[in-house]
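Here the structure comes first, spelled out in structure tokens, and everything after it is commentary.
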Amino acid sequence: MKKNWYRLVCIGICHIVLYIYMVPRVIYPRFGKQGVVIATVLALGISIAIVGNVWFRKKKKY
């Protein structure tokens, strides 16, 4: 369970860095509105994949 919370916190930190620093200062000036949309879709897709992996993973039986 501790590992799952660590992953969720890391996802949150990555989103904060992406949306506060990367999008306004790097992506938007170079690629415009389409770059922001692509970055958002990719970030959300990766996050959904990681969270889905955490929640739907089969538990190991000992």
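The values are calculated or read from the model by the stated rules, or taken from the named source; none is laboratory data. Keep in mind that this is a model prediction, so the values were computed, not measured. Note that each Cβ is placed from the backbone with ideal geometry, even for glycine, and that neighbours are counted across all protein chains shown.
Within the option set Tyr6, Tyr19, Tyr28, being at pLDDT 90 or above and part of a helix (DSSP H, G or I) holds for one residue only, Tyr28. If the condition is being touching a residue at least 12 places away in the same chain (Cβ under 8 Å) and of a type in the set (A, V, I, L, M), then the stretch 1-19 contributes Leu8, Ile11, Leu18. The number of residues in the stretch 20-45 that are free of Cβ contacts under 8 Å to residues at least 24 places away in the same chain and surrounded by 13 or more Cβ atoms within 10 Å (Cβ to Cβ) comes to 10. Annotation note: of Gly45, Gly52, the sole residue that is over 9 Å from the mean Cα position of the chain (by Cα) and either modelled with pLDDT of 80 or more or assigned to a helix (DSSP H, G or I) (or both) is Gly52.
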